[in-house]
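Before any comments, here is the structure.
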Amino acid sequence: MRSYKAKMVEPIELPSREEREAAIEEAGYNVFNLDARDVYIDLLTDSGTGTMSADQWAAMIRGDEAYAGSRSFNNLADAVRDVMGFEYVVPTHQGRGAENVLYGVLLEEGDVIPNNSHFDTTRAHIVNQGAEPVDCPSPASRDPNSNESFKGNFDIDAGYALVEEVGADSIPVVVLTITNNSVAGQPVSMANIRATAEFARDIDAMFVIDACRFAENAHFIKQHEAGYEDTSVAEIAREQFEHADAITMSGKKDALVNIGGFAAMRDETVFEHAKQRAILFEGFPTYGGLSGRDIEAMAVGLREAVTPPYVHERVEQVGELGDMLSERDVPVYLPTGGHAVYLDAGEIFSHIPKEHFPGQVLVCALYREGGVRGVELGEFAFPGADRPDLVRLALPRRTYSREHLEHIAETAEAVMESAHEYDGLEIVEEPPMKELRHFSAKLEPV
Ligand code: F0G
């Protein structure tokens, strides 16, 4: 069921096969270098690519563009307080701006930062502060075929093993990413949120939640965690944050906007320091690099994200795509995550060794076959990380219809049928920061 209809449409076009082949070669076999007009179905990301509601567009007209103390900022602060329960908020241009502001305040050189799994920009910002990011994903996440419910969890044992190794004094912050984007968009249970908070408290560290997809995570808790069946998504969403000291948020995900983000916290001193850093990197702390109208739309979106039936339909649609692919025997990571379906490229291209990027081969093949753009989250994006070569097909929110999903599934099926014809890729040009190479490196078939 869909509880919305389209009010505005944007034309899309499938270029001819010859055009697609020329475009991917020209792009150096890196879909970040493609022109979006050459893409038919764009599943590169769910970040800032969704459709806003009529209420959000109306809010944009109301946006207050005052440089300091705008009404729109107050509306955002109210929404963050109501929906997430934090007293202080520092708006930023997007999630990574919040990471820069908050981690710049909290971290020092030589610190070690555990997280269930760092997203790439989080990892890069922690490295940028001279600290070391360490992933502690749950052991269950390693099995792409088990249908267990909360494979995004933080492995508390791994957290304590890290403390043994580096000492609690080196760990000023423990981070938890909900949902776990780097582990196939898998959710984190409320029990694990509580356990991670206790771990942080035990070692006297701050507990920070990367809250990008907090509404989707709340939905999974409602669906699958005992005791939450009758609790509303809004209540669950708030409870998730009860034990956190601070959050970083990309509004481009579960605040349902095209741009925006914020850091929020309980401690006034951290807030004061964060504001100073925000002035340097983002803008005066009541606009944070955003226009008043963007802030206004984010305030409305944050509330919509936890208002039924939005998030139920959202996660259900992602599940539908997962089912369509599974029905065609395309190997997908199970269960389907909150914002994306992850394909196991290592299995599809078992004849291509890891160092020749089977994931990136699949990304290029999906584009060539059907003008579908996904993203690699395996050896190319996370060099040497010893993780499966997954390809993420992220669904923008409230944007594509069932016909689009069918086209995606048919495209993947066609790639599967000719998988043996594909060769691996090698990097021929890459930027200095290895953590960010997948955004701009160029490749060639081996
Ligand atoms: N944290 C997580 C878990 C994310 O998924 C992202 C962005 C960020 C932080 C940074 O937020 O983009 O607003 O600066 N993820 C996008 C993606 C880009 O495609 O998954 P941002």
> Which one of Ala264, Ala278, Ala244 is more than 13 Å from the ligand (Cβ to nearest atom), in the same structural domain as Tyr103 (by TED's automatic domain parsing) and part of a helix (DSSP H, G or I)?
Replying inline: Ala278
> Which condition breaks for Asn74 when tested against (1) more than 16 Å from the ligand (Cβ to nearest atom); (2) farther than 18 Å from Leu176 by Cα; (3) surrounded by 15 or more Cβ atoms within 10 Å (Cβ to Cβ)?
Replying inline: (3)
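With the stretch 344-446 as the region, which helices (runs of 4 or more DSSP H) entirely inside it contain at least 1 residues that are surrounded by fewer than 24 Cβ atoms within 10 Å (Cβ to Cβ) and at pLDDT 95 or above? Give the steps one after another, and end with the answer.
On the way: elements: 345-348, 358-370, 402-417, 437-440.
Result: 345-348, 358-370, 402-417.
Find the residue count for the stretch 161-183, including only residues that are more than 12 Å from the ligand (Cβ to nearest atom) and either within 20 Å of Pro335 (Cβ to Cβ) or touching a helix residue (DSSP H, G or I) at 6+ places or on another chain (Cβ under 7 Å) (or both).
Initially, the stretch 161-183 is screened for residues more than 12 Å from the ligand (Cβ to nearest atom), giving 161-174.
Then drop every residue that is not either within 20 Å of Pro335 (Cβ to Cβ) or touching a helix residue (DSSP H, G or I) at 6+ places or on another chain (Cβ under 7 Å) (or both), which leaves 171-174.
Going through the stretch 161-183 one residue at a time, the tally reaches 4.
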>> Quick check on my filter: what residues within the stretch 105-119 are assigned to a loop (DSSP other than H, G, I, E, B) and either outside the structural domain of Ala168 (by TED's automatic domain parsing) or more than 15 Å from the ligand (Cβ to nearest atom) (or both)?
In response: Leu107, Glu108, Glu109, Gly110, Asp111
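For the stretch 48-62, which residues satisfy the criterion of being under 21 Å from Arg397 (Cβ atoms) and either free of Cβ contacts under 8 Å to residues at least 60 places away in the same chain or touching a helix residue (DSSP H, G or I) at 6+ places or on another chain (Cβ under 8 Å) (or both)?
So in the stretch 48-62, the residues under 21 Å from Arg397 (Cβ atoms) come out as 48-60.
Scanning the stretch 48-62 gives Met52, Ser53, Ala54, Asp55, Gln56, Trp57, Ala58, Ala59, Met60.
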> Could we say that Ala200 is crowded, with 19+ Cβ neighbours inside 10 Å, touching a Gly at 6+ places or on another chain (Cβ under 9 Å) and part of a loop (DSSP other than H, G, I, E, B) here?
Replying inline: no
> Can you tell me which residue in the stretch 120-135 is farthest from the ligand (Cβ to nearest atom), limited to those that are outside any helix (DSSP H, G or I) and closer than 17 Å to Pro383 by Cα?
Replying inline: Glu132
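The values are calculated or read from the model by the stated rules, or taken from the named source; none is laboratory data. Bear in mind that the values here come from a model prediction, so they are computed numbers and not experimental data. All Cβ positions, glycine included, derive from the backbone under ideal geometry; neighbour counts span all protein chains shown.
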